[in-house]
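Enquirer: I am attaching a structure below and will ask some questions about it afterwards.
The values are calculated or read from the model by the stated rules, or taken from the named source; none is laboratory data. What you are looking at is a predicted structure, and each value in this text was computed from that prediction instead of being measured. In this analysis, Cβ positions are derived from the backbone assuming ideal geometry, glycine residues included, and neighbour counts consider all displayed protein chains. Only protein heavy atoms, including side chains, enter the accessible area calculation; ligands, DNA and RNA are left aside. Shrake-Rupley method; radii C 1.70, N 1.55, O 1.52, S 1.80 Å.
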Amino acid sequence: MTSLHGFSLRVLAAFGGMLFAAAALGGPAPPARAALLVSAVVPRHASIRFTPPASIQLSEEDVARGYVEAAAIELAVQSNAPQGYTLAFGLEGAQVRSAQVLGEFGSLRFDSAGAMASRPAAGTGMWRDHLLVRLRFELSPQATPGRHPWPLRVLMVPH
């Protein structure tokens with residue numbers, strides 16, 4: 001143990017001598033500086049949630065009149081896209097030839113080619129946008145009374 005203790009004292013003395021020499025030569029050593037660069041990639045997120053009816057009911061009066069006012073649907077968008085998003089509307093099925101969609105983005109009238117409406121971001125970071133959309137479907141000449149598959153499709157594309 002004595003030799004180990006003696007070794008520790010020699011190391012401590014040598015270290016102290018180095019510190020004394022450094023101080024005598026140039027004064028105190030400058031503080032160490034370091035830079036740490038941190039970056040993060042936030043993945044883009046975008047989703048749309050809505051529950052359209054499974055079907056549309058057409059009465060004889062609707063078919064005779066040539067159109068039907070459908071129940072309004074709510075669209076809930078969640079995204080972190082800073083430039084907003086575009087809603088794309090399309091029609092499916094033989095019962096409807098065109099549609100009119102009314103919402104906070106204005107009024108869109110379209111046929112089977114569809115239509116699009118752009119919306120700005122509803123905030124910064126992760127944000128939500130809720131839209132209540134009213135619908136009117138212009139019926140095709142082949143439309144028949146009864147229950148038919150829901151004709152409107154909605155997609156959301158972040159900018």
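Enquirer: Could you grab the pairs with beta carbons closer than 7 Å, sequence gap of 6+ or different chains, first residue in region 95-107 and closer than 13 Å to L75 by Cβ, second one exposed (fewer than 15 other Cβ atoms within 10 Å of the Cβ)?
Expert: L102/R134; G103/L132
Enquirer: Which residue, of S98, S107, S112, is part of a loop (DSSP other than H, G, I, E, B) and not aliphatic (A, V, I, L, M)?
Expert: From the options S98, S107, S112, the qualifying one is S112.
The rows are residues; the columns are (1) modelled with pLDDT under 90; (2) open to solvent by 70 Å² or more (accessible area, probe 1.4 Å); (3) in contact with a Lys or Arg (Cβ under 7 Å, 6 or more places away or on another chain).
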site	(1), (2), (3)
S3	yes, yes, no
L19	yes, yes, no
A23	yes, no, no
V41	yes, yes, no
D62	no, no, no
Y67	no, no, yes
I73	no, no, no
A76	no, no, yes
P82	no, yes, no
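Enquirer: Of everything in region 116-145, what is in a strand (DSSP E or B) and either open to solvent by 20 Å² or more (accessible area, probe 1.4 Å) or farther than 24 Å from V68 by Cα (or both)? Give them in sequence order. Even if it seems obvious, please write down each step before you answer.
Expert: In the first step, residues of region 116-145 are kept if they are in a strand (DSSP E or B); the result is 116-119, 127-139.
Passing the criteria: M116, S118, R119, W127, R128, D129, H130, L132, R134, R136, E138.
Enquirer: Are there any pairs with C-beta distances below 6 angstrom linking a residue in region 136-151 that is touching a residue at least 12 places away in the same chain (Cβ under 8 Å) and under 16 Å from E61 (Cβ atoms) to a residue that is open to solvent by 70 Å² or more (accessible area, probe 1.4 Å) and assigned to a strand (DSSP E or B), with the two at least 6 apart or on different chains, and if so which?
Expert: R136/E69; E138/R97; R147/Q57
Enquirer: Please go through (1) under 20 Å from E74 (Cα atoms); (2) in contact with a strand residue (DSSP E or B) (Cβ under 7 Å, 6 or more places away or on another chain); (3) free of Cβ contacts under 8 Å to residues at least 40 places away in the same chain for G123 and return the number of the only condition it doesn't satisfy.
Expert: Going through (1) under 20 Å from E74 (Cα atoms); (2) in contact with a strand residue (DSSP E or B) (Cβ under 7 Å, 6 or more places away or on another chain); (3) free of Cβ contacts under 8 Å to residues at least 40 places away in the same chain one by one, G123 breaks only (2).
Enquirer: Within region 43-60, take every residue that is open to solvent by less than 90 Å² (accessible area, probe 1.4 Å) and of a type in the set (A, V, I, L, M) and give me the one that is farthest from D111 (Cα to Cα).
Expert: Per the stated criteria, the residue is A46.
Enquirer: Across region 84-95, what is the total count of residues that are outside any strand (DSSP E or B), surrounded by 14 or more Cβ atoms within 10 Å (Cβ to Cβ) and in contact with a Lys or Arg (Cβ under 7 Å, 6 or more places away or on another chain)?
Expert: Residues in region 84-95 being outside any strand (DSSP E or B), surrounded by 14 or more Cβ atoms within 10 Å (Cβ to Cβ) and in contact with a Lys or Arg (Cβ under 7 Å, 6 or more places away or on another chain): 1 in total.
Enquirer: Starting from residues that are in a loop (DSSP other than H, G, I, E, B) and hydroxyl-bearing (S, T, Y), keep the ones in region 32-76 and report whichever is farthest from the chain's Cα centre (by Cα).
Expert: Of all residues in region 32-76, those in a loop (DSSP other than H, G, I, E, B) come to 32-45, 50-54, 59, 66.
Imposing the further condition that a residue be hydroxyl-bearing (S, T, Y) reduces the set to 39, 51, 59.
Numbers: S39: 21, T51: 18, S59: 39 Å.
That would be S59.
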